Amino acid sequence: MNFAKRIYYSYIIILICSTVITIAGISGFQRLEPFVNTLNSSNTKSLYYAEQMLFNISAKKDIRKFEEYLNMAKNNITEPDEAKVVDKIAGNYQPSFYGNSMYEEETINDITELSRINRVALEQAGLRAKKMQTVGIWIIIFPSIFIWIIGLTLLARLQRTFIKPIEELNNVIVDYNNGNCMRRCPSYAVLKDLQKLYDGINRILDEK
């Protein structure tokens with residue numbers, strides 16, 4: 001394999017690694033999107049509905065508004081335990097607006113539980129988003145380290161197989177021109193093409 005092909009394949013490897021890094025990075029950070037969207041959508045809405053129900057049952061005493069937000073909460077169920085709590089609220093809220101303190105207390109507790117469920121879901125979504133962000137960062141870091149290792153390995157190989165032999169060839173010619181007629185190219189080179197060049201130079205110098 002001649003030097004030109006070695007350079008060609010080296011660049012191909014670098015390009016492939018760079019492409020893999022780009023794809024991995026994009027893929028990793030794209031996975032953050034669902035969690036970020038969750039933070040700003042369903043759970044936030046459910047918290048708002050719960051706050052409005054609590055306000056309308058405890059302060060404003062507006063059953064029409066309460067039912068409006070209750071229906072919104074029913075249509076915005078996202079967590080496993082949320083539906084059960086909303087059903088309890090729906091079953092107990094009416095006596096609360098007609099002076100039944102026991103039902104009112106139970107309904108308020110259920111609304112508080114609804115808020116807690118969605119608040120915990122928001123916190124967990126935030127933790128998952130941070131975790132995925134960390135994963136995305138490491139997805140980029142590890143391939144970057146890998147490509148640095150490949151690059152340094154290729155550089156060392158080029159140094160050994162081409163750069164140093166060419167420097168050796170140059171030094172032989174320079175020394176010969178400076179009067180050192182005994183110095184010759186090494187009898188072995190890693191690349192066959194360079195070895196042929198070494199042998200040819202040595203024959204020329206021997207004939208002089």
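All of the numbers you see were taken from the coordinates with simple rules; none came from a lab. Quantities reported herein were computed from a predicted structural model and do not represent experimental measurements. In this analysis, Cβ positions are derived from the backbone assuming ideal geometry, glycine residues included, and neighbour counts consider all displayed protein chains.
Cross-linked pairs Lys88/Lys130; Lys45/Lys65; Lys74/Lys130; Lys88/Lys131: Cα-Cα separations exceed 24 Å for Lys88/Lys130; Lys74/Lys130; Lys88/Lys131.
Comparing Cα centroids, region 168-190 and region 62-88 end up 89 angstrom apart. For region 50-208, the relative contact order works out to 14 percent when only alpha carbon pairs closer than 8 Å and six or more residues apart are counted. Phi-derived couplings, Karplus 6.51 cos²θ - 1.76 cosθ + 1.60 at θ = phi - 60°, listed residue by residue for region 167-183: 4, 4, 4, 4, 5, 4, 5, 5, 4, 4, 5, 8, x, 8, 7, 8, 6 Hz, with x used for Gly and Pro. Projecting the Cα atoms of Ala90, Leu70, Ala59 onto the dipole axis of region 39-96, where Lys and Arg carry +1 and Asp and Glu carry -1 at the beta carbon, places Ala59 farthest toward the positive end. For the pair Val20 and Ser144 in one chain, pulling the backbone fully straight at 0.36 nm per residue adds 43.6 nm over the alpha carbon distance. Looking at region 55-119, the chymotrypsin sites (Phe, Trp or Tyr not before Pro) that sit in a DSSP loop and have at most 11 other Cβ atoms within 10 Å of their own Cβ are Tyr98. With the simple model of a label 7 Å out from the Cα in the direction of the Cβ, Arg184 to Thr112 spans 9.7 nm.
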